[in-house]
Amino acid sequence: MEKKLRMTDERTYERCFHANYQALCYFALSIVSDESIAEDAVQDVFIRLLHHTESFDNNTHLRNYLYQAVHNRCIDLLRAHARQVSVVPLDCSKPLHDQVHDDETESKMVRAELLRIIAEAIDQLPEKQREVFRLAYIDDLSNEEIAQQMNLSLNTVKVQKYRAKQHLRERLKDIYPLLFIFIKYIS
Amino acid sequence: MSNPTILAERLMAYLKGELSGEELREIEERLSKDAELRQLVDDMRDKAYITREISKLQSFDVEKAWKNVASHDEKKANLSSPIAHRPSHFYRIAAAIALLIVGGALVWYMQYTKVTPPEISPEVLAAMQQSQQSGHVGANIENGGTKSETQGVRDAHQTEKDDEGNVTTHSPIPAAQDQFLLPPSISTEELLHAKRITTFHDKEFWLTLDDGTLVHLNYNTRVIYPEKFGRKTREVILDGEAYFMVAKDRSRPFIVHTPQGDVKVYGTEFYISTKADDTNNSSTTITLIKGSVGVTPSGGTEQRMLPGQQCSIINAQCSISATDIEPYVAWNQGVFVFEDCTLERLMNVLSQWYGYQVVFKDDKARRALFTGELDKYSSFRPVLEAISSVTDINFTIKENTIIIQK
């Protein structure tokens with residue numbers, strides 16, 4: 001039973017922002033190859049979204065819209081950049097989600113979406129575990145280095161790692177082989 | 001119409017091997033036609049790739065971006081005061097989850113008021129029945145220290161013939177009242193309204209609490225518990241030995257108070273013993289079988305435990321080590337499991353359980369080592385016979401005493 005999502009509701013809007021910002025930036029980056037342009041594009045889309053009065057049926061509907069909107073905004077910014085135009089007006093009256101079909105684009109969207117799901121699972125780990133997880137598997141620190149950085153005992157680091165893995169296993173049950181590989185790397 | 005979200009979902013299912021039939025054919029066909037997607041699937045199977053890309057994804061500063069966007073529209077002034085967020089750059093929590101973590105345990109708990117009784121395995125049920133039938137169940141139940149009733153099997157089941165043909169009967173031996181300690185954290189006021197159950201010297205008991213939690217008490221054990229648990233917590237007092245199978249109720253943590261400290265239950269099965277160990281130093285030992293508990297020694301801080309660990313509270317300190325949980329699980333299921341156990345120790349357990357005295361006429365016999373399993377609910381005679389047959393140790397039973405000699 002999914003409630004419709006209205007962007008005029010502040011909490012919905014904020015939740016939407018926090019849930020999707022990074023993945024959308026990642027996607028935008030794959031089009032524009034420049035972090036600041038990528039972030040500008042995504043932020044522009046969200047600003048535009050504030051005025052979006054129609055509601056979305058569900059997260060799928062919302063995300064598809066966002067990916068398309070970010071894509072279109074990226075193209076606009078790239079063109080402007082090529083023409084050496086410094087300011088690209090954001091016309092709030094024009095719809096941003098006109099369909100532009102491109103196989104490459106779609107696979108980029110799917111890629112970003114897959115990574116978003118994984119990142120979300122990591123984010124939902126309890127704080128300490130998440131920190132240890134990040135240091136261990138993303139920053140690639142040794143147990144000793146983590147212990148030092150977080151001021152924890154070596155045993156605690158091991159326990160937190162173990163728990164993070166357990167949690168992720170639970171949370172990402174639905175992408176098991178992926179996780180399995182991931183986890184193998186971890187252990 | 002482009003639907004990357006659904007496609008991503010399908011690919012996840014594909015990667016995990018969950019697709020079959022029509023759906024699987026569809027994806028495979030799609031992949032065979034789309035080189036980009038094929039590459040994507042390969043990348044997603046590359047662990048190093050995932051770590052790199054997640055890193056990239058999380059390098060975008062959400063907080064800063066939010067401030068930017070929120071301040072952009074004066075009309076929506078509320079947006080500039082977001083719901084509590086973590087200060088860290090790399091991770092953001094969705095608002096709902098932030099509430100969860102930021103001291104939000106109660107909020108989380110409030111959403112889950114359903115109580116699920118513990119899963120009792122068929123082995124445990126069988127053990128409960130056997131125990132009852134073989135006359136090993138017996139305890140005194142008192143209400144707030146006033147009226148007392150005895151539960152369990154009558155004496156008649158406890159007759160045994162000794163070697164000279166004399167019949168002896170065992171009366172259930174009530175545990176000595178003054179030997180039980182009370183944890184410092186409980187007020188006498190609360191005790192007056194609670195129920196108190198004490199197992200006999202040589203009997204066990206299964207107690208079902210208000211929420212469905214099943215507590216398997218060993219001999220000489222006292223549990224003080226309320227007839228009905230309160231709204232915020234489920235608390236009991238234990239002195240002795242018991243195996244807990246706790247009902248799931250996320251709105252109310254389950255806490256066991258012992259003379260040495262408290263055990264807070266986050267999960268399901270564990271064993272607690274407050275008895276003095278062999279060296280007669282007062283200590284409480286908690287063995288975690290399943291789930292999760294936190295142990296707070298009196299005056300100390302909470303330490304969490306993992307299944308397969310044992311925590312000993314000695315002098316208000318927690319000492320956690322890995323242990324074999326099999327003997328405890330087995331005990332709960334009606335079997336004594338012992339490994340490299342001295343005959344002295346073994347006889348201690350058996351004598352207590354079966355209510356016999358033990359006399360060693362030969363000191364060497366004390367130190368003989370045994371490994372094996374014993375059914376708690378059958379007679380111990382076959383065991384003694386078994387031991388005799390493989391060693392040169394002899395057992396003689398005279399009235400209530402087992403005499404051991406070589």
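The values are calculated or read from the model by the stated rules, or taken from the named source; none is laboratory data. Remember, it's a predicted structure, so these values are computed and weren't measured experimentally. As a convention, Cβ positions derive from the backbone with ideal geometry for all residues, glycine included, and neighbour counts pool all protein chains shown. Heavy atoms of the whole protein, side chains included, go into the accessibility calculation; ligands, DNA and RNA do not. Shrake-Rupley method; radii C 1.70, N 1.55, O 1.52, S 1.80 Å.
Which number in (1) open to solvent by less than 60 Å² (accessible area, probe 1.4 Å); (2) modelled with pLDDT under 80; (3) in a strand (DSSP E or B) marks the one condition that B:THR150 misses? Failing condition for B:THR150: (1). Flag: A:ALA38 matches the condition of being out of contact with any strand residue (DSSP E or B) (no Cβ under 8 Å at 6 or more places or on another chain) and within 9 Å of another protein chain (Cβ to nearest Cβ). Applying the criterion of being under 48 Å from the mean Cα position of the chain (by Cα) and outside any helix (DSSP H, G or I) to the residues of the stretch B:34-51, the residue that is nearest to the other protein chains (Cβ to nearest Cβ) is B:ARG45.
Filter the stretch B:1-33 down to residues that are in a loop (DSSP other than H, G, I, E, B) and surrounded by 16 or more Cβ atoms within 10 Å (Cβ to Cβ) and give me whichever is modelled with the highest pLDDT. The qualifying residue modelled with the highest pLDDT is B:ASN3. Consider the stretch A:128-144 and keep the residues that are modelled with pLDDT of 75 or more and among the acidic types (Asp, Glu). The one that is surrounded by the fewest Cβ atoms within 10 Å (Cβ to Cβ) is A:GLU144. Within the option set A:LEU62, A:LEU24, being in contact with a Cys (Cβ under 8 Å, 6 or more places away or on another chain), more than 8 Å from chain B (Cβ to nearest Cβ), assigned to a helix (DSSP H, G or I) and in contact (Cβ under 8 Å) with a residue 12 or more places away in the chain holds for one residue only, A:LEU62. Does the stretch A:72-94 contain any residue that is away from chain B (no Cβ under 11 Å), modelled with pLDDT of 80 or more and touching a Cys at 6+ places or on another chain (Cβ under 9 Å)? Within the stretch A:72-94 (the criterion being away from chain B (no Cβ under 11 Å), modelled with pLDDT of 80 or more and touching a Cys at 6+ places or on another chain (Cβ under 9 Å)), the answer is no, since none of the residues qualifies. Among the residues of the stretch B:347-366, write down those that are open to solvent by less than 40 Å² (accessible area, probe 1.4 Å) and within 21 Å of B:HIS216 (Cβ to Cβ). Hits for the stretch B:347-366 are B:LEU350, B:SER351, B:TRP353, B:TYR354, B:GLY355. The set of residues from the stretch B:292-307 being within 30 Å of B:ALA126 (Cβ to Cβ), open to solvent by less than 40 Å² (accessible area, probe 1.4 Å) and in a loop (DSSP other than H, G, I, E, B) comprises B:SER292, B:LEU306. Name the single residue that is farthest from the other protein chains (Cβ to nearest Cβ) among those in the stretch B:1-33 being over 12 Å from A:ARG111 (Cβ atoms) and touching a Phe, Trp or Tyr at 6+ places or on another chain (Cβ under 7 Å). Top of the filtered list is B:ILE27.
Keeping to the stretch A:102-123, report how many residues are within 7 Å of chain B (Cβ to nearest Cβ) and modelled with pLDDT under 75. Count: 1. Return the residues of the stretch B:308-332 that are open to solvent by less than 60 Å² (accessible area, probe 1.4 Å) and not in a helix (DSSP H, G or I); say none if nothing qualifies. Matches in the stretch B:308-332: B:GLY308, B:GLN309, B:GLN310, B:CYS311, B:SER312, B:ILE313, B:ALA316, B:CYS318, B:ILE320, B:SER321, B:THR323, B:ILE325.
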